[in-house]
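Enquirer: Have a look at this one.
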Amino acid sequence: MTYDEIVSGLRALDEADFEGPDGGAAGMDRLYELTNALGEVPAPERAIPELFAVMERLHDVDLGAPGPLVHTLERMPYTTELVASVRRFPTPLSVWMVNRILNSELADVQRRFYLDLLAAAAEHPGASRFARDDAGRFLAFQTAGSAR
């Protein structure tokens, strides 16, 4: 599969692919197929914005936890686009990715940056209630120890 075919496939995914009698298995199978193929093309990092576009467009769909999008992104330099995506339109999966970053060893300035990003996502007027609630829950979890 070529890079252009992969991008076209990602752009073609819609909610209906993740519904139906198979419980969305066809959509997940297609998503795995596309992300696996992405790992076999030169410079797969070109698709980072496309992968976040799928998260944003299908924000109400269960795309895995972590799932193929996150596994693929975490093999690439994704953090700049993650920040842009969360600022643009936080989703349950993107705020979960921020929480995963906060679970790692970070310098204090980086930690504060990602905490502020979660705080902004928890108040983002365009985000779904689920994304805002998740961001708030992750923020509370990440700051619970600092209140002692």
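Enquirer: Modelled label-to-label distance, ARG57 and ARG88, 7 Å Cα→beta-carbon offset: nm?
Expert: That separation, rounded to one decimal, is 1.2 nm.
Enquirer: OK, next. Roughly what % of Cα-Cα distances in the chain sit above 17 Å, to the whole percent? Numbers along the way, then the final one.
Expert: Numbers: 6638 of 10878 pairs.
Counting pairs separated by more than 17 Å, the tail of P(r) holds 61 percent.
Enquirer: Express in nm, to one decimal, how much length is gained between GLU15 and GLU123 on full extension, taking 0.36 nm for each residue of separation and deducting their alpha carbon distance. Kindly include the intermediate steps, with their values, before the conclusion.
Expert: Details: separation 108, 0.36 × 108 = 38.88 nm, distance 2.54 nm.
Using 0.36 nm per residue and subtracting the Cα-Cα distance, I get 36.3 nm.
Enquirer: Explain nothing, just compute: Karplus ³J(HN,Hα) = 6.51 cos²θ - 1.76 cosθ + 1.60, θ = phi - 60°, for every residue of the stretch 2-17 in order, whole Hz, x for Gly and Pro.
Expert: Per-residue couplings from phi come out as 7, 4, 4, 5, 5, 4, 4, x, 5, 5, 7, 4, 9, 4, 4, 5 Hz.
Enquirer: Using a simple spin-label model with points 7 Å from Cα along the Cα→Cβ vector, what separation in nm is obtained for TYR32 and SER8?
Expert: With each label point 7 Å from Cα toward Cβ, the separation is 2.4 nm.
Enquirer: May I ask for the equivalent-ellipsoid semi-axes of the stretch 1-77, computed as the square root of five times each C-alpha gyration tensor eigenvalue and listed largest first in whole Å? Walk me through the intermediate numbers first.
Expert: Numbers: eigenvalues 80, 32, 24 Å².
Taking √(5λ) for each eigenvalue gives 20, 13, 11 Å, largest first.
Computed from the coordinates by the stated procedures, all read-outs in this text should not be read as laboratory data. Since the structure is predicted, the reported quantities are computational estimates derived from the model, not experimental observations. So basically every Cβ, Gly included, is an ideal-geometry build from the backbone, and we count neighbours across all protein chains shown.
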